[in-house]
Structures are given as structure tokens and as C-alpha cells.
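K.L.:
The structure's right below; bear with me while I get my questions together.
The values are calculated or read from the model by the stated rules, or taken from the named source; none is laboratory data. Predicted, not measured: the structure shown is a model, and the values here were computed from it. Here the Cβ is made from the backbone with ideal geometry for all residues, glycine too, and neighbour counts use every protein chain on show.
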Amino acid sequence: MDLISIFLQTLETTLPVFAMVFIGLGLRRIGWIDDSFVHTASALVFKATLPTLVFLSIIKADLNASLNPNLLIFYLFATLASFGLTWLWARWKVVHEDRGVYVQGAFRGNCGIVGLALAANLYGEFGLSAGGILLGIVILSYNALSVIVLTAYQPGHSPQWNRILQDILRNPLILSVFAAIPVAWLDLKLPNWVMTSGDYFASLTLPLALLCIGATISFSALRSDSSTAFSSSLMKMVILPVLCTGAAWAIGFSGPELGLMFLFFASPTAAASFVMAKALGGNDRLAANIIAITTLMASVTITLGVFILKSAGLA
């Protein structure tokens, strides 16, 4: 396959996802969707449709193919290494009060929506099932590490680990993974009408979530920001994906597993980082700007990254 064909195939994978983001941006600007819609739709996705999508994708999957402990372990260690590297850089280059928000913005990706949507487009059922299982590691590590770094730079705030652990264990995505694995492992069959209704409900997830991401992008906020947000965004979208994906390839990962990890490493900063920064007294404007910049960058950096991996026969 020549490079032009590979590039066009790459665009077919990434453009539908980012087109929905920009449609959300456009609908917000012309007033067809508002804050109330975004709040309600985001809650529906997080609490119901996304857990349904993850549950169904796992129970339909071949766990022997999609449950890879080596991939889960590598992703966890790569996340910890990214977190440590970013924190060291922030201690050197970022003012004290913004370090926590900078670090969170640079390592915490929107894997649950953007990463999963791209994985589904690129790898179908394998992308959804393996990505859904990987989300368990993502949720646990991202939440714990974010609290650690944010509270380190916000005097008067201390992590309430009991509450954090309860929130993680009650997380609908975590619960859906825990519920789905034994069902898949025991090869239990649900009635056809349940599966069909579930598919209808789950199919709402990605369009709704991507529209909401686009609707939350604020260009006005970007005009008031310094280079700190751009530095964190460059770390999130270019430096860490290159380092982590390169390390995964160097130790032997290839094919769909390498591609899946790249998509998760290269996902733009998660919207939850704004909520957590605000709750723990961080610079919420900086957090919002990092989310907006990385989301806009993603359409270029992820497309280019997938193109390079496919051209080299690695994904």
C-alpha cells in the first residue's frame, strides 16, 4: 500500500472523531446547544451509556485476545514514568503555584472518550474491548496521581484518600469492567433483546460525548493565557506519546496493541482535570486552556502519529 493510500485510510479513522468535536464547537457557537445540554449529556454518558458500551464490548470479545496483562502492566509503568518526568520538568520550568495543574494537564488523557472512539474506528471490537479493560488502569492511576500532584502545590488542601477510593470504586466505568469480565470469562449469553437494546443505548455514547467536548472549547479563554498551557500541551500531545510509544515498540509491542497504546497516550487532556483542579484550589483557567489546546492539537498530532505507525507497518 502506498503512502497516499495509507494517509487516506488514516484520515478515515481519525476524521469522523474530530469532525464530531468541531461540530460540537459549531453548534455551541450558533446557540443550538448550551451549558445545560452539555451538563446533562455528559452526565448521561459518564453514568450510563459509556459503561454500557464498555460492558458490551468486553462481553462480546475474546478475552484471550483482548486481556493482555503485559499491556496493562506496561501502560501503568509508562503512566508513572510520564507523571514523574513531567513533574521533574515542572519543578525546573513552571512557577510553583501552577506546577500541579501543569503536570495533571500533561499526563492525564481523555482515554475514555477520544482514545476509545479512535480505538473503535481503527480496531473495531478489539479496540473497544481491550480499550475498555485498559480504562480500568487509566481511571485508577490518573485519579490517584492527579490528587497527589495537585495537593502538593495547594496549601490547605490535603487528599482525602477514603473519599477518593470510594469515588474510584463507585466509578461507573470501573464497575462496568468488573461486571463484564466474569460474564465474558464464563461465556454467559444474554437474551438477544437485551443485547440489541444495549447496542442502541451504547451507540449514543461517542457522538454525544464528542459533541460535548467540542462545546466546551473556549477560544476566548485561550487569548488570555501564557506559554505555560502551550508547554503542557506540547508535553501531552507530542513528547510523551513519542517517548511512551517508542518504549512500547522497543520492548516488543506491535500491531493493534501498539496502536491502542499510542491512541491512549496521545489522547488530549481529560475534561475531568478541570473539575479536579477547581475542587483542589488550582489554576482552573490554566486547566481549561490546556484541555482546549490539546483537543485542537489532537486532530493533527494523532492523525500524523497513526499515519507514521501504519506507514512503518507497526500498527
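K.L.:
Which residue out of Ala215, Ala152, Ala184, Ala144 is buried (at least 18 other Cβ atoms within 10 Å of the Cβ), more than 30 Å from Arg29 (Cα to Cα) and at pLDDT below 90?
P.N.:
Ala184
K.L.:
Hey, any hits in the range 114-121 for a residue that's assigned to a helix (DSSP H, G or I), in contact (Cβ under 8 Å) with a residue 24 or more places away in the chain and surrounded by fewer than 24 Cβ atoms within 10 Å (Cβ to Cβ)?
P.N.:
The answer is yes; a qualifying residue exists.
K.L.:
Provide a single number: the residues in the range 46-103 that are polar (S, T, N, Q) and farther than 24 Å from Ala179 by Cα.
P.N.:
Total satisfying the criteria: 3.
K.L.:
Counting just the residues of the range 28-43 that are crowded, with 17+ Cβ neighbours inside 10 Å and within 29 Å of Ser129 (Cβ to Cβ), which one comes out modelled with the highest pLDDT?
P.N.:
Among those that are crowded, with 17+ Cβ neighbours inside 10 Å and within 29 Å of Ser129 (Cβ to Cβ), it is Ala41.
K.L.:
The conditions are (1) among the hydroxyl-bearing types (Ser, Thr, Tyr); (2) within 24 Å of Leu296 (Cα to Cα); (3) surrounded by fewer than 18 Cβ atoms within 10 Å (Cβ to Cβ); (4) at pLDDT 85 or above, and Thr228 fails exactly one of them. Which is it?
P.N.:
(3)
K.L.:
While we're here: In the range 164-181, which residues are aliphatic (A, V, I, L, M), buried (at least 18 other Cβ atoms within 10 Å of the Cβ) and without any contact (Cβ under 8 Å) to a residue 60 or more places away in the chain?
P.N.:
Within the range 164-181, Ile174 is the sole residue that qualifies.
K.L.:
A follow-up question, please. Kindly provide the set of residues from the range 247-268 that are closer than 19 Å to Gly105 by Cβ and hydrophobic (A, V, I, L, M, F, W, C), ordered by number.
P.N.:
Selection gives Leu263, Phe264, Phe265, Ala266.
K.L.:
Please verify whether the range 57-80 includes one or more residues that are part of a helix (DSSP H, G or I), aliphatic (A, V, I, L, M) and over 26 Å from Trp185 (Cβ atoms).
P.N.:
Yes, the range 57-80 has at least one match.
K.L.:
Next question, about the same structure. So Val103 passes all but one of these: (1) over 12 Å from the mean Cα position of the chain (by Cα); (2) surrounded by fewer than 24 Cβ atoms within 10 Å (Cβ to Cβ); (3) among the β-branched types (Val, Ile, Thr). Which condition number does it fail?
P.N.:
(2)
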